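Structure record follows, encoded as structure tokens.
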């Protein structure tokens with residue numbers, strides 16, 4: 001994988017496919033356990049979010 005990502009023309013497509021595959025697997029596992037997977041935007045400021053129970 002590391003060597004494939006060195007190819008500038010293919011790196012973005014390979015990385016996108018890897019993320020897509022990971023998300024598909026997470027959705028499958030969550031559904032199998034009766035849970036809901038929440039996907040958030042990559043720019044969501046989660047580290048800046050204050051929890052209401054704190």
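The values are calculated or read from the model by the stated rules, or taken from the named source; none is laboratory data. Everything quoted here is computed from the prediction, not taken from an experiment. All Cβ positions, even for glycine, are placed from backbone atoms using ideal geometry, and neighbour counts span all protein chains on display.
Looking at the range 35-54, which of its residues are assigned to a helix (DSSP H, G or I) and either in contact (Cβ under 8 Å) with a residue 60 or more places away in the chain or under 15 Å from the mean Cα position of the chain (by Cα) (or both)? It would help to see each step written out before you state the result.
Going through the range 35-54, the residues assigned to a helix (DSSP H, G or I) turn out to be 46-48.
Hit for the range 35-54 is 46, nothing else.
Within the range 1-36, the residues that satisfy the criterion of being touching a helix residue (DSSP H, G or I) at 6+ places or on another chain (Cβ under 9 Å) and at pLDDT 90 or above are 35, 36. If you go through the range 8-34 and keep only what is assigned to a loop (DSSP other than H, G, I, E, B), surrounded by fewer than 10 Cβ atoms within 10 Å (Cβ to Cβ) and on the phi < 0 side of the Ramachandran plot, you end up with 8, 9, 33.
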